[in-house]
Amino acid sequence: MTLNKWRRATEWFMTALALVFLLAYSWEVLARTHILLCEMVINIIWMAFIVDYVVSILLAEDKKTWFKDNLLMLVSIALPVFRPLRLLRLVAVLNVLNRTGGMAVRGRITLYTCCSVTLLMYIGALAELDVERGVPGASITDFGEAIWWSFVTVTTVGYGDLSPVTWQGRCIAIGLMITGVALIGIVTATLASWIVDRVRDETDKRADEAESETEQLRHNVRELTDTVNQLRDDIAQLHRL
């Protein structure tokens, strides 16, 4: 068993667990019923994330490099053991869901980015509502306000009509702000790449057309030369007669 084989074997199973995790967390925050059942499901899946992390690092050929590249995953599965940091489990969910996304090639990258950011806004809204609701002085008290706040934060608009009052909520806001800046960078880079490719394609097309015209002119010149030579031969033959 290698790390790549383990990833391929568990990819869809872990993705399904991540979706169940998200469903259970959404139900707990929005419906606020069957909380004990939701917590049990969340904890079991969180343990599965821990197992996946441990197996992955054991199978990695270069464990030191793999460890450095997955520090965020380690934080997301280690720190939530402390109750105030339980929302870091959502980072583990995003990491698992991202596994099936792969490296999107250009042409799919915009769709991939939009889907990822939409999911992140939804999770951010859930997390923000979870920590802000019921806190004295909080302005984010229902899911509609949380979604609105998450959207304006990710897009870096920041109207200021809604703002977190807890330290957990502010940490979530920082994460969404960083995501928003990254989103703008990705969209800008994708657009610039598309423009450059279009200009290069147009340049190559014109170069091909110019080359084709040049080749046609050469062919015409060769035909004209052959015709002139033939006429000279005919004239010379007439003179001999």
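Among the numbered criteria (1) without any contact (Cβ under 8 Å) to a residue 24 or more places away in the chain; (2) open to solvent by less than 50 Å² (accessible area, probe 1.4 Å); (3) assigned to a loop (DSSP other than H, G, I, E, B), which one does residue 140 miss?
Going through (1) without any contact (Cβ under 8 Å) to a residue 24 or more places away in the chain; (2) open to solvent by less than 50 Å² (accessible area, probe 1.4 Å); (3) assigned to a loop (DSSP other than H, G, I, E, B) one by one, residue 140 breaks only (1).
For residue 130, indicate whether it is over 29 Å from residue 72 (Cβ atoms), surrounded by 10 or more Cβ atoms within 10 Å (Cβ to Cβ) and in contact (Cβ under 8 Å) with a residue 12 or more places away in the chain.
no
Could you look through region 134-150, keep only residues that are over 14 Å from residue 173 (Cβ atoms) and of a type in the set (Gly, Ala, Ser), and pick out the one that is nearest to the chain's Cα centre (by Cα)?
The residue in question is 144.
Select, from 179, 153, 203, 188, the only residue that is in a helix (DSSP H, G or I), touching a residue at least 40 places away in the same chain (Cβ under 8 Å) and not charged (D, E, K, R).
Just a single option satisfies the conditions, and that option is 179.
Let me confirm something: among 230, 168, 216, 237, which residue is in contact (Cβ under 8 Å) with a residue 60 or more places away in the chain and farther than 20 Å from residue 117 by Cβ?
It is 168.
Hey, which of the helices (runs of 4 or more DSSP H) in region 1-108, taking only ones fully inside, have at least 3 residues that are at pLDDT below 85? Talk me through it step by step, then tell me what you get.
Values: elements: 3-26, 35-59, 63-69, 71-78, 89-99.
Passing ranges, in order: 3-26, 71-78, 89-99.
Mind listing whichever residues of region 148-163 are of a type outside the set (Gly, Ala, Ser) and under 13 Å from residue 129 (Cβ atoms)?
In the first step, residues of region 148-163 are kept if they are of a type outside the set (Gly, Ala, Ser); the result is 148-149, 151-157, 159, 161-162.
Within region 148-163, 148, 149, 162 qualify.
Go through (1) of a type outside the set (Asp, Glu); (2) open to solvent by 80 Å² or more (accessible area, probe 1.4 Å); (3) under 30 Å from residue 130 (Cβ atoms) one by one and return the number of the condition residue 166 breaks.
Of (1) of a type outside the set (Asp, Glu); (2) open to solvent by 80 Å² or more (accessible area, probe 1.4 Å); (3) under 30 Å from residue 130 (Cβ atoms), only one is false for residue 166: (2).
Determine which member of the set 60, 48, 16 is open to solvent by 20 Å² or more (accessible area, probe 1.4 Å) and more than 19 Å from residue 123 (Cα to Cα).
48
All but one of (1) touching a helix residue (DSSP H, G or I) at 6+ places or on another chain (Cβ under 7 Å); (2) open to solvent by less than 60 Å² (accessible area, probe 1.4 Å) hold for residue 210; state the number of the condition that does not hold.
Exception for residue 210: condition (1).
The values are calculated or read from the model by the stated rules, or taken from the named source; none is laboratory data. All of these numbers come straight from a predicted model, not from anything done at the bench. In this analysis, Cβ positions are derived from the backbone assuming ideal geometry, glycine residues included, and neighbour counts consider all displayed protein chains. Heavy atoms of the whole protein, side chains included, go into the accessibility calculation; ligands, DNA and RNA do not. Shrake-Rupley method; radii C 1.70, N 1.55, O 1.52, S 1.80 Å.
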